[in-house]
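What follows is a set of notes on a single structure, which appears directly below.
The values are calculated or read from the model by the stated rules, or taken from the named source; none is laboratory data. Note that the structure is predicted; figures quoted are calculated from it, not measured. Heads up, the Cβs are rebuilt from the backbone with ideal geometry, glycines too, and the neighbour counts pull from every protein chain shown. Calculation scope for accessible area: heavy atoms of the full protein, side chains included, ligands and nucleic acids excluded. Shrake-Rupley method; radii C 1.70, N 1.55, O 1.52, S 1.80 Å.
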Amino acid sequence: MPTTHFRTCNLCEAMCGLELTVEDNRVTSIRGDKDDPFSRGHICPKALALKDIQEDPDRLRVPLRRTKSGWEPLAWDDALDLAAAKILQIQKSHGRDAMAAYLGNPNVHNYGSLLYGPPLLRALRTKNRYSATSVDQLPHHVVARLLFGHQLLLPIPDIDRTDYLLMFGANPVVSNGSLMSAPDVKRRLQAISARGGTVVVVDPRRTKTAELADQHLAIVPGTDVFALLAIAHTIFSEGLVNLGRLAHVIDGVAAIAKLARQFPPERVAETVGLKANTLREVARAFASAKSAVCYGRMGVSVQRHGTLCQWLTVVLTTLTGNLDRAGGAMFTTPAVDVLAQTSRGGVGRYHSRVRGLPEFGGELPVATLAEEILTPGEGQVRGLLTVAGNPVLSTPNGQQLDRALQSLAWMVSIDMYRNETTRHADLILPPTPPLERDHYDLVFHVLAIRNTAKFSPATLPQTEGSLHEWEILSGLHRRLVAHAPARRRLEAGVTGRLGPRRLLDLGLRVGPAGMGLQKLRRHPHGIDLGPLIPQLPARLFTRSGRIDLAPEKFLAAANNLECETAPSLLLIGRRHLRSNNSWLHNSSRLVKGKPRCTVQLHPTDAAHAGVTDGALTRVRSRVGEVVLPCEVSTEIRPGVVSIPHGWGHTPAGIALRVAQMHAGVSVNDLTDDQQIDPVSGNAVLNGVEVTVSAVEHGSGALGAHENPASPGD
Ligand SMILES: Nc1nc2c(c(=O)[nH]1)N[C@H]1C(S)=C(S)[C@@H](COP(=O)(O)OP(=O)(O)OC[C@H]3O[C@@H](n4cnc5c(=O)[nH]c(N)nc54)[C@H](O)[C@@H]3O)O[C@H]1N2
Ligand SMILES: Nc1nc2c(c(=O)[nH]1)N[C@H]1C(S)=C(S)[C@@H](COP(=O)(O)OP(=O)(O)OC[C@H]3O[C@@H](n4cnc5c(=O)[nH]c(N)nc54)[C@H](O)[C@@H]3O)O[C@H]1N2
Ligand code: SF4
Ligand SMILES: [Mo]
């Protein structure tokens, strides 16, 4: 008998409700859940990958140990004993910091990891903690920490009520929204214009989001900070500042006025590649809209001025009285108040050994991981734990990291696949796949445009003999503290016995909705807790109870800015609806069709480089080069080239048979580990200087990492 199950999709940030049919323990259909109060039936093609992951013959099902004669299966107890023994041995011989950890993106989509990862990391007591945060949203956390007192108190654009959305470097129609969980975001954006509002997209590419916007401004990559300052300049010079309800708790406006005064639109126009008048008009319309919000994402997060950009988006929203107000940028009231239970975020309490990069929130920037492994001396990293990450494909100068991983004394990966990163591991520990585990969005309810709550019980029974992520993490934790003082043993023992459901229940009970898990489970489609509500100043975590809109750290960095003309060709990224970072390319239905790993070039630049549409093209940067097919397109601004990330499934020893047939190249073989946003240490993945040339026929064999993308089927 077929049974029907409801759950939230955990693949991206949108939290779509799914309706799954199961027959004989196999999923036979996945549809959008019309009764989910948040997503109301919306779904994207990636949701079907949940079935593909479940059934993928390449997905690892048992622990694997590397031996001279190949990979050998291991019993779980032996595997966890081995992992703990090796970690303790490395730390005993070389010090605590010799063991590093890297946590990838899927951890935030997995409540087992979120509940059991942090205690394990604390038990490692290493300074060498890294994650995908520093190739992503780190600037947002730094800004939230300094302005609002907590790294997770992130302002979310209230797109369902806004009259004016000014969006920098985001493509939600394809990404489905980021730091803005909003299922069916396309319809929500269209609704803004339909109700007489305005959507403005600032992006060097005419993306799908730019296409539906009322206005598209094709800016020069990496120069947004100047456009933002010029808009602020106009708001001040035309007397449009109106702080509104929060005026009495906001400090620093005069300092921002003084800074903005240096950047009249005329001064920045050439640098940003936009007309001065356009910037002025945007500023006027933004300031005079009934409600307005400025939002920026990856295009302005992972670029050289990432932190200043994210700061200035909040500044524009605040100067016009739109902070914490309907239709502006608001804060969520999640059913589990994660903020109350997490650290506000340390800032620069220590620095990385080799390059002296600052810690934030207990982590170091991942752009420095390879050199921490490769540079000898006291504190050198010799062992690595990765959990749900693929930094070889996702962090800058991936080739260097690939070499670094090869040189490690020992490495363990908790992952479902043997991919470009985990192929270097000595031990791989695969958790249960998504459909076999419970799900609750601890993080994305904090980042959503509406307050909702939903618990998804496992859709399929746990495969016999398998372990959930939390069981692996807690099993390892318990073993690592087996000889530690009683207090640390107790923490590991108690949380391990409770399990994630009990921990979640506790979190829900003490949360603002005050409802336990049992009550929530009576609503299998989820509960709507209403639109976001104003919460400041009460919700601020700053010691003063006020907002310092102009922290010294940001002012100092902004005062060093120089308007320059950009180099001739700048590389930016690109996402596709049917990709998800580096790890859904093993699903046939998601990779079929035209090859997607291409370099997009404007016709003028293509002609200049002598390449034609479809031709193999060489792209070079300071750190490396790749060869891939060219896609000539007027979508992209002249002077800009675009390559998607997450491809390059070519190294020997990976086990991703479908992905290997659609290998592509890794754009992070071009991005530069030495280029970072100096304020936060975040990587620069957009706006990297490159050159482009034709690949001459008969010019010699393609080098090791010059694999042309394979043709589609
Ligand atoms: N050039 C460039 N680089 C980028 C970006 C870009 O825009 N341009 N984007 C950056 C961004 S935003 C991000 S978030 C990062 C992502 O970077 P990473 O997080 O390092 O990489 P992912 O591709 O998400 O890899 C996820 C891994 O987790 C595994 N996995 C999936 N689910 C689970 C699970 O439940 N448990 C476990 N244990 N493993 C699981 C998958 O098999 C895969 O190996 O990439 C960044 N890199
Ligand atoms: N389908 C799909 N969905 C995803 C993912 C995926 O890989 N595939 N990844 C998920 C993850 S981990 C994340 S973090 C989110 C990211 O979500 P988004 O940030 O919405 O996605 P991106 O496509 O990276 O959008 C960045 C945009 O910035 C533009 N850009 C590049 N450089 C600059 C610049 O200097 N200035 C400006 N103004 N714009 C610039 C790019 O052209 C691009 O359109 O997406 C999530 N959703
Ligand atoms: S938009 Fe995101 S959450 Fe919704 S179905 Fe697609 S991958 Fe899943
Ligand atoms: Mo991300």
Determine, yes or no, whether residue 529 is more than 16 Å from ligand 3 (Cβ to nearest atom), more than 30 Å from residue 439 (Cβ to Cβ) and surrounded by 14 or more Cβ atoms within 10 Å (Cβ to Cβ).
-> no
Tell me, please, whether a residue that is assigned to a helix (DSSP H, G or I), of a type in the set (A, V, I, L, M), surrounded by fewer than 23 Cβ atoms within 10 Å (Cβ to Cβ) and touching a helix residue (DSSP H, G or I) at 6+ places or on another chain (Cβ under 7 Å) can be found in segment 272-287.
-> yes
Just wondering, is there one or more residues in segment 69-84 that are surrounded by 20 or more Cβ atoms within 10 Å (Cβ to Cβ) and part of a strand (DSSP E or B)?
-> no
Give the number of residues within segment 24-59 that are open to solvent by 10 Å² or more (accessible area, probe 1.4 Å), part of a loop (DSSP other than H, G, I, E, B) and among the small types (Gly, Ala, Ser).
-> 1
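Out of the residues in segment 85-110 meeting the condition of being within 16 Å of ligand 1 (Cβ to nearest atom) and assigned to a helix (DSSP H, G or I), tell me which one is farthest from residue 405 (Cα to Cα). Break it down into steps so the answer makes sense when it comes.
Start the filter on segment 85-110 by keeping residues that are within 16 Å of ligand 1 (Cβ to nearest atom), which leaves 100-110.
This time we only want the ones that are assigned to a helix (DSSP H, G or I), so: 105-109.
Values: 105: 19, 106: 21, 107: 21, 108: 24, 109: 26 Å.
The qualifying residue farthest from residue 405 (Cα to Cα) is 109.
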Scan (1) open to solvent by 10 Å² or more (accessible area, probe 1.4 Å); (2) in contact (Cβ under 8 Å) with a residue 40 or more places away in the chain; (3) in a strand (DSSP E or B) for the single condition residue 13 breaks and write down its number.
-> (3)
Scanning segment 288-319 for residues that are part of a helix (DSSP H, G or I) and either of a type in the set (Lys, Arg) or farther than 15 Å from residue 167 by Cα (or both) gives 288, 307, 308, 318, 319
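Do any helices (runs of 4 or more DSSP H) entirely within segment 547-620 hold 1 or more residues that are surrounded by fewer than 22 Cβ atoms within 10 Å (Cβ to Cβ) and under 25 Å from the mean Cα position of the chain (by Cα), and if so, which? Before you say what the answer is, go through the steps one by one.
Details: elements: 552-559, 588-591, 603-609.
Per the criteria, 552-559, 588-591.
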Taking the stated definitions as given, is residue 536 closer than 30 Å to residue 453 by Cα, part of a loop (DSSP other than H, G, I, E, B), in contact with a Cys (Cβ under 8 Å, 6 or more places away or on another chain) and not basic (Lys, Arg)?
-> no
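For segment 340-415, which fully contained helices (runs of 4 or more DSSP H) count at least 3 residues that are in contact (Cβ under 8 Å) with a residue 24 or more places away in the chain and within 16 Å of ligand 2 (Cβ to nearest atom)?
391-394
Is it true that some residue in segment 625-644 is within 16 Å of ligand 4 (Cβ to nearest atom) and in a loop (DSSP other than H, G, I, E, B)? Even if it seems obvious, please write down each step before you answer.
Within segment 625-644, the first condition is being within 16 Å of ligand 4 (Cβ to nearest atom), and the residues that meet it are 644.
Applying the additional criterion that residues be in a loop (DSSP other than H, G, I, E, B) yields 644.
The answer is yes; a qualifying residue exists.
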Under 6 Å between Cβ atoms, at least 6 apart or on separate chains: pull out the pairs that start in segment 519-546 with a residue that is in contact (Cβ under 8 Å) with a residue 40 or more places away in the chain and end on any residue that is open to solvent by 80 Å² or more (accessible area, probe 1.4 Å) and of a type in the set (Asp, Glu).
-> 525/35
Looking at (1) farther than 30 Å from residue 663 by Cβ; (2) surrounded by fewer than 22 Cβ atoms within 10 Å (Cβ to Cβ); (3) hydrophobic (A, V, I, L, M, F, W, C), can you tell me which one residue 455 breaks?
-> (2)
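Which residue is farthest from ligand 3 (Cβ to nearest atom), if the candidates are limited to segment 1-10 and must be assigned to a strand (DSSP E or B) and open to solvent by 40 Å² or more (accessible area, probe 1.4 Å)? Explain how you work it out, then say what you get.
Of all residues in segment 1-10, those assigned to a strand (DSSP E or B) come to 3-8.
Cutting the leftovers down to open to solvent by 40 Å² or more (accessible area, probe 1.4 Å) gives us 3-6.
Numbers: 3: 21, 4: 17, 5: 15, 6: 13 Å.
Top of the filtered list is 3.
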Within segment 346-366, the residues that are at pLDDT 95 or above and farther than 14 Å from residue 103 by Cα are 349, 350, 351, 352, 353, 354, 355, 356, 357, 358, 359, 360
Got a number for residues in segment 428-449 being within 21 Å of residue 462 (Cβ to Cβ) and outside any strand (DSSP E or B)?
-> 11
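Being open to solvent by 50 Å² or more (accessible area, probe 1.4 Å) and either more than 16 Å from ligand 1 (Cβ to nearest atom) or in a strand (DSSP E or B) (or both), is that true of even one residue in segment 16-23? It would help to see each step written out before you state the result.
If we filter segment 16-23 for residues that are open to solvent by 50 Å² or more (accessible area, probe 1.4 Å), which is where we start, we get 23.
From the residues that got through so far, the ones that are either more than 16 Å from ligand 1 (Cβ to nearest atom) or in a strand (DSSP E or B) (or both) too are 23.
So far as segment 16-23 goes, yes, one or more of its residues are open to solvent by 50 Å² or more (accessible area, probe 1.4 Å) and either more than 16 Å from ligand 1 (Cβ to nearest atom) or in a strand (DSSP E or B) (or both).
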Please tell me if residue 47 is within 16 Å of ligand 1 (Cβ to nearest atom) and in contact with a Ser or Thr (Cβ under 9 Å, 6 or more places away or on another chain).
-> no
Long-range neighbours under 9 Å by Cβ, at least six apart or interchain, first residue over 20 Å from residue 635 (Cα atoms) within segment 189-211, second assigned to a helix (DSSP H, G or I) and open to solvent by 10 Å² or more (accessible area, probe 1.4 Å) | 189/173; 189/212; 190/212; 193/212; 197/191; 198/285
With 63, 73 as the choices, which residue is more than 16 Å from ligand 4 (Cβ to nearest atom) and touching a residue at least 60 places away in the same chain (Cβ under 8 Å)?
-> 63
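Could you tell me whether any residue of segment 657-673 is among the charged types (D, E, K, R) and in contact with a Cys (Cβ under 7 Å, 6 or more places away or on another chain)? Quick ask: steps written out before the conclusion?
Here is the first cut: in segment 657-673, the residues among the charged types (D, E, K, R) are 657, 669, 672-673.
Now drop any that are not in contact with a Cys (Cβ under 7 Å, 6 or more places away or on another chain), which leaves none.
For segment 657-673, residues among the charged types (D, E, K, R) and in contact with a Cys (Cβ under 7 Å, 6 or more places away or on another chain): absent.
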